[in-house]
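Only one structure is covered here, and it is reproduced in the block below.
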Amino acid sequence: MRRGWRSAGMACGAGLFILCCPAVLSAAPCDQFNPLGPARSARITLNSSDFVDERRDEMKSFIATGSLGKADISVVSSTPGGIVRGVSATPELSRFSPLYGEQLKGIAITASLKGGAGPATIVLNLRQVCAEHFRNTVLYY
């Protein structure tokens with residue numbers, strides 16, 4: 001009878017250990033080069049402060065995500081409507097950083113607009129494999 005209680009106590013202790021230490025159950029690290037890996041998404045807004053030239057026909061931004069995995073982008077809305085000619089999202093290491101020159105993993109976003117736009121706002125849906133976070137930076141690529 002004592003063996004049964006001892007075994008039950010050990011089983012309860014092992015279960016409690018597993019519940020208290022989630023690192024025991026953690027999965028393998030995410031493979032950012034596997035296009036079928038787990039992905040996260042976010043909505044990013046580009047506005048007039050993201051224009052890169054005086055012609056006001058191109059917007060750029062760099063989103064730090066901590067990953068170089070495959071990135072997908074789509075336009076959710078734009079103001080004025082129909083102004084977006086095309087968008088692209090390219091995973092890459094940043095070229096410049098305000099924090100002592102380190103390179104950040106993330107997505108370089110480029111949006112081409114029709115004609116010289118005045119004030120414009122574009123809402124984009126961004127999705128990336130193994131993205132840890134989505135932080136809009138002051139970096140332009």
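Sort Ile73, Ile63 by accessible area with a 1.4 Å probe, largest first.
Result of the area sort, largest leading: Ile73, Ile63.
How do Phe62, Phe51 stack up against each other in accessible area, from largest to smallest, with a 1.4 angstrom probe? Spell out each step's value before the answer.
On the way: Phe62 5, Phe51 30 Å².
Reading off the accessible areas and sorting them downward yields Phe51, Phe62.
Modelling each spin label as a point 7 Å along the Cα-to-Cβ direction, I'd like the Thr90/Glu58 distance in nm, to one decimal.
In this crude spin-label approximation the distance works out to 1.0 nm.
Is the shape of the range 39-112 rounded, prolate or oblate, going by the alpha carbon gyration tensor and its root eigenvalues a ≥ b ≥ c, with a/c under 1.5 for rounded and a/b larger than b/c for prolate? Write down the numbers at each step before the final one.
Details: a/c = 2.44, a/b = 1.42, b/c = 1.72.
Oblate, since a/c reaches 1.5 and b/c is not below a/b.
The values are calculated or read from the model by the stated rules, or taken from the named source; none is laboratory data. On a predicted model such as this, the values are computed, not experimentally measured, just so you know. Note that each Cβ is placed from the backbone with ideal geometry, even for glycine, and that neighbours are counted across all protein chains shown. Note: areas computed on protein heavy atoms with side chains; ligands, DNA, RNA excluded. Shrake-Rupley method; radii C 1.70, N 1.55, O 1.52, S 1.80 Å.
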